[in-house]
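Engineer: Please see the structure below; I have some questions.
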Amino acid sequence: MDVVAAIDGFTSIYASLNSDQSLEFLNWVKENINDLIDKQIKSTGHNSDVMLESIREDVRSLLPLNGVTETEKICTPSVGPNADCDKLTTEHIDAFCFNDDDIDDLCDEGQMSRNYCSDCGSRNVRPLTFITHSASVKEIKYIFQHLLGDLRGKSVVDVGSRTGAILYGAYLMSEASCIVGVEIDPTFCQVQNQIVTKYNLQDRVQVYQKDIQHCGQLIQQADVLILNNVFEFFMPLDTQKSIWNFLYQNVRKKGCFIVTVPSIQESLDAIQLPLDLGTWLQESPTGEIITRANLLLYGDRESEDSELTQIHLYKVI
């Protein structure tokens, strides 16, 4: 029996009980669930959720609240769906470090706001635009526990690895043998190396402070390439075109998977770069995978709040 079948079985048992029995059953679950979780953690001897949460706390302590370093250069997009992001009304927040509940807590504490006043002094407020450049914990779990399958003996390259969120997820949730982050910003590289050293991830994780266009051999040999909101806010249009042409020429290993946010077509359309995707990549359908992941990550097969539909999977043909 897999987890989805177990959930269906639990739901079926609950539905078969009358109101008194169902309340008694749920009370038993409530009273025993924490002990069962603790027992499972002890029996496995290693819990990725606990370790990832500890890493999140450490990364938060090493970065400003908005997750933007002093050495990082943010370029507000001039084209594409995010061209309307006004510098004055756009809030950068790292989704790995802060989920929605964390942001609510920060707002309650007065450290952050979700709104801005459109004419100072009035109640005429509008919502701020929140932008993240990192994958959230749920997205990381989806990628490595549901989307990519068995990565035993495979290499994973994260382009623009930033806080290292993808690297930590790949280490904790897969058996990928080689996990590489390529990041151009020196401060983020320092953060990643601190985490890698503290948690002894060096046996499978490496971080390179480089321009991805200087990593041809690495890209050519990769089994999985991850591009998460990686160019739009950091590179001028000419550089974005140059990098996409570089990837088009070098990512040619048959069977290599590419995971992107947003879709490659959307990225290319925004910068008006006509690459022949049909002879390069085949996009993999993810509907059934998302349905299963929604159930396990959100508790709902069709979660309206799911972040997962924006993640696209391609295979080099």
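The values are calculated or read from the model by the stated rules, or taken from the named source; none is laboratory data. These numbers come from a predicted model, not from an experiment. Glycine gets a Cβ as well: all are built from the backbone with ideal geometry, and neighbour counts include every protein chain shown.
Engineer: Of all residues being free of Cβ contacts under 8 Å to residues at least 12 places away in the same chain and under 20 Å from the mean Cα position of the chain (by Cα) in the stretch 83-102, which is nearest to residue 55 (Cα to Cα)? Just the residue, please.
Structural biologist: The residue in question is 102.
Engineer: Follow-up question, since we're still on this one. Are any residues in the stretch 209-242 more than 25 Å from residue 136 (Cα to Cα) and under 21 Å from the mean Cα position of the chain (by Cα), and if so, which ones? I'd like the intermediate steps shown before the answer.
Structural biologist: First, the residues of the stretch 209-242 that are more than 25 Å from residue 136 (Cα to Cα): 213-218, 220-221, 236-239, 241-242.
None; the set is empty.
Each row is one residue, and each column tells you yes or no for (1) in the same structural domain as residue 290 (by TED's automatic domain parsing); (2) crowded, with 22+ Cβ neighbours inside 10 Å.
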{"site": "109", "(1), (2)": "no, no"}
{"site": "114", "(1), (2)": "no, no"}
{"site": "144", "(1), (2)": "yes, yes"}
{"site": "149", "(1), (2)": "yes, no"}
{"site": "153", "(1), (2)": "yes, no"}
{"site": "163", "(1), (2)": "yes, yes"}
{"site": "168", "(1), (2)": "yes, yes"}
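Engineer: Checking residue 122 against (1) at pLDDT 95 or above; (2) of a type in the set (S, T, N, Q); (3) in the same structural domain as residue 67 (by TED's automatic domain parsing), which single condition isn't satisfied?
Structural biologist: All conditions are met except number (1).
Engineer: So how many residues does the stretch 301-317 have that are more than 13 Å from residue 263 (Cβ to Cβ), in a strand (DSSP E or B) and of a type outside the set (Val, Ile, Thr)?
Structural biologist: Of the residues in the stretch 301-317, the ones more than 13 Å from residue 263 (Cβ to Cβ) are 301-308, 315-317.
Imposing the further condition that a residue be in a strand (DSSP E or B) reduces the set to 315-316.
With of a type outside the set (Val, Ile, Thr) added as a condition, the list becomes 315.
So the answer is 1.
Engineer: Among the residues of the stretch 264-300, how many are exposed (fewer than 15 other Cβ atoms within 10 Å of the Cβ) and in a loop (DSSP other than H, G, I, E, B)?
Structural biologist: Summing the residues that are exposed (fewer than 15 other Cβ atoms within 10 Å of the Cβ) and in a loop (DSSP other than H, G, I, E, B) in the stretch 264-300 gives 6.
Engineer: Select from the stretch 191-207 the residues that are buried (at least 16 other Cβ atoms within 10 Å of the Cβ) and closer than 25 Å to residue 66 by Cβ and list them in ascending order. Can you show your working first?
Structural biologist: Of the stretch 191-207, the ones buried (at least 16 other Cβ atoms within 10 Å of the Cβ) are 191-193, 195-196, 199, 201, 204-207.
If the condition is that a residue be buried (at least 16 other Cβ atoms within 10 Å of the Cβ) and closer than 25 Å to residue 66 by Cβ, then 191, 192, 193, 195, 196, 199, 207 are the ones that fit.
Engineer: Pairs please, first residue from the stretch 131-157 and touching a residue at least 24 places away in the same chain (Cβ under 8 Å), second anywhere and part of a loop (DSSP other than H, G, I, E, B) and aromatic (Phe, Trp, Tyr), Cβ atoms under 6 Å, 6+ apart in sequence or on different chains.
Structural biologist: Close Cβ pairs (under 6 Å, with a partner that is part of a loop (DSSP other than H, G, I, E, B) and aromatic (Phe, Trp, Tyr)) amount to 134/96.
Engineer: List every residue pair whose Cβ atoms sit under 9 Å apart, with the two residues 6 or more apart in sequence or on different chains, where the first one lies in the stretch 19-32 and is farther than 17 Å from residue 9 by Cα and the second, anywhere, is modelled with pLDDT of 90 or more and surrounded by 10 or more Cβ atoms within 10 Å (Cβ to Cβ).
Structural biologist: Hits for this filter: 23/17; 24/17.
Engineer: Answer with yes or no whether residue 64 is within 24 Å of residue 234 (Cβ to Cβ) and touching a residue at least 12 places away in the same chain (Cβ under 8 Å).
Structural biologist: No.
Engineer: For the stretch 1-112, give me every one of the helices (runs of 4 or more DSSP H) that falls completely inside it and has 3 or more residues that are farther than 23 Å from residue 183 by Cβ.
Structural biologist: Where helices (runs of 4 or more DSSP H) fall fully within the stretch 1-112 and carry at least 3 residues being farther than 23 Å from residue 183 by Cβ, they are 3-15, 19-44, 100-108.
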